[in-house]
Ligand SMILES: [Zn+2]
């Protein structure tokens with residue numbers, strides 16, 4: 001009997017302040033309103049990872065999905081805004097057995113912090129700027145992704161197929177026609193086809209819209225798929241993992257299960273492709289050491305402006321980019337994951 005792989009996804013967006021009026025209007029549990037509360041909870045959780053062991057004795061693993069809160073014209077819940085504001089805090093609490101991915105809320109056309117968006121395209125330059133900054137500053141690029149609000153639409157799906165091979169946005173049906181989290185036919189089964197991005201069904205553990213239950217756990221067991229669930233850093237990770245573990249143990253009984261991070265569970269790439277980079281007459285040539293997933297992500301910064309640009313393909317594994325600004329190569333970085 002093969003162990004059920006369990007993936008604890010943590011959407012990291014930092015603290016959320018709630019005025020008494022806001023609190024009175026909410027049916028969810030209170031949020032952490034400060035970094036001190038979040039970091040205290042994470043320190044407590046990290047000190048007790050072994051007590052959350054799986055049926056094989058392994059310690060708890062978390063799969064982080066770290067957001068940048070950027071682009072809004074308002075900030076009523078006093079979120080930690082700015083590029084890297086959440087990243088720089090959360091990365092201190094990530095353990096070696098964890099994975100780190102990207103969480104992004106598409107910018108709504110109203111640009112208001114409390115609104116959600118069903119268009120990815122409207123805020124695409126900002127989303128790409130977040131990734132350009134992470135690649136240029138930290139040398140980091142996500143292999144795993146979760147969409148804000150678990151809102152999946154065709155424009156986001158097509159974009160992910162170019163750059164990010166593992167997607168934990170697929171949620172059991174919530175919301176009616178036109179409002180559903182996922183635009184796809186909810187009865188469609190998604191296979192892990194060669195070369196395509198991998199979708200891992202992920203449900204909210206206990207939010208106002210959904211609670212993971214016995215049927216979700218049995219579904220994953222019967223399908224031989226990972227069991228992934230989603231929580232937030234603004235609520236107690238310690239409490240949520242305690243609850244999730246109890247639920248999983250109750251439902252599985254004697255059946256084996258083990259913690260896996262989001263990359264392991266999806267059998268995702270462990271390292272990006274390596275590039276050989278040469279320069280000829282102002283043109284950079286990038287040659288990958290293996291076939292890539294989708295397209296290369298080429299991040300550029302010039303005079304404080306960040307954008308993703310498009311190289312031309314010169315061969316199966318070879319691309320060229322004419323960098324007109326004659327800046328050093330550190331102003332341009334290329335990234336790709338291996339083909340799945
Ligand atoms: Zn979110």
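Residue check, residue 11 against (1) more than 24 Å from residue 109 (Cα to Cα); (2) in contact with a strand residue (DSSP E or B) (Cβ under 9 Å, 6 or more places away or on another chain); (3) outside any helix (DSSP H, G or I), all met but one. Which one?
(1)
What residue, among those in region 131-171 that are within 14 Å of the ligand (Cβ to nearest atom) and surrounded by fewer than 21 Cβ atoms within 10 Å (Cβ to Cβ), is farthest from residue 331 (Cα to Cα)?
This residue is 149.
Can you pull out the residues in region 98-123 that are under 16 Å from residue 142 (Cα atoms) and either more than 13 Å from the ligand (Cβ to nearest atom) or surrounded by fewer than 19 Cβ atoms within 10 Å (Cβ to Cβ) (or both)? Let's see the steps before the verdict.
Step one: list which residues in region 98-123 are under 16 Å from residue 142 (Cα atoms), which gives 98-105.
The answer is 98, 99, 100.
Mind checking whether some residue in region 60-81 is under 21 Å from the mean Cα position of the chain (by Cα), surrounded by 15 or more Cβ atoms within 10 Å (Cβ to Cβ), within 16 Å of the ligand (Cβ to nearest atom) and farther than 24 Å from residue 124 by Cα?
The initial filter retains those residues of region 60-81 that are under 21 Å from the mean Cα position of the chain (by Cα), namely 60-72, 79-81.
Then keep just the ones that are surrounded by 15 or more Cβ atoms within 10 Å (Cβ to Cβ); that gives 60-72, 79-81.
Still in the running and within 16 Å of the ligand (Cβ to nearest atom): 62-72, 79-81.
Next cut, farther than 24 Å from residue 124 by Cα only: 62-63.
Yes, region 60-81 contains a residue that is under 21 Å from the mean Cα position of the chain (by Cα), surrounded by 15 or more Cβ atoms within 10 Å (Cβ to Cβ), within 16 Å of the ligand (Cβ to nearest atom) and farther than 24 Å from residue 124 by Cα.
Considering only region 292-320, state which residues are over 23 Å from residue 129 (Cα atoms) and surrounded by fewer than 13 Cβ atoms within 10 Å (Cβ to Cβ).
Selection gives 315, 316.
Could you list, in sequence order, all residues of region 208-236 that are under 18 Å from residue 250 (Cβ atoms), assigned to a helix (DSSP H, G or I) and free of Cβ contacts under 8 Å to residues at least 24 places away in the same chain?
215, 219, 222
Assigned by TED's automatic domain parsing to the domain that holds residue 32, assigned to a helix (DSSP H, G or I) and closer than 30 Å to residue 308 by Cα: which single residue out of 160, 247 fits that description? First the steps, then the outcome.
Details: 247 fails: closer than 30 Å to residue 308 by Cα.
None of the others qualify; the one that does is 160.
Based on this model, can you work out whether residue 6 counts as touching a residue at least 40 places away in the same chain (Cβ under 8 Å), in a strand (DSSP E or B) and more than 14 Å from the ligand (Cβ to nearest atom)?
Spelling it out, residue 6 is indeed touching a residue at least 40 places away in the same chain (Cβ under 8 Å), in a strand (DSSP E or B) and more than 14 Å from the ligand (Cβ to nearest atom).
Examine region 34-54 for a residue that is at pLDDT 95 or above, in a loop (DSSP other than H, G, I, E, B) and surrounded by 17 or more Cβ atoms within 10 Å (Cβ to Cβ), and state whether such a residue exists.
Looking for residues that are at pLDDT 95 or above, in a loop (DSSP other than H, G, I, E, B) and surrounded by 17 or more Cβ atoms within 10 Å (Cβ to Cβ), one finds at least one in region 34-54, hence yes.
Might you check whether a residue that is closer than 30 Å to residue 49 by Cβ, in contact with a helix residue (DSSP H, G or I) (Cβ under 8 Å, 6 or more places away or on another chain) and outside the structural domain of residue 241 (by TED's automatic domain parsing) occurs anywhere in region 254-264?
No.
To keep it simple, each residue is scored yes or no on (1) more than 16 Å from the ligand (Cβ to nearest atom); (2) surrounded by fewer than 18 Cβ atoms within 10 Å (Cβ to Cβ).
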| site | (1), (2) |
| --- | --- |
| 231 | no, no |
| 241 | yes, no |
| 245 | yes, no |
| 250 | yes, yes |
| 257 | yes, no |
| 264 | yes, no |
| 277 | yes, yes |
| 282 | yes, yes |
| 285 | yes, yes |
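The values are calculated or read from the model by the stated rules, or taken from the named source; none is laboratory data. Here the structure is a predicted model, which means the values were calculated and not measured. Ideal geometry is used to build each Cβ from the backbone, glycine not excepted, and the neighbour counts take in all protein chains shown.
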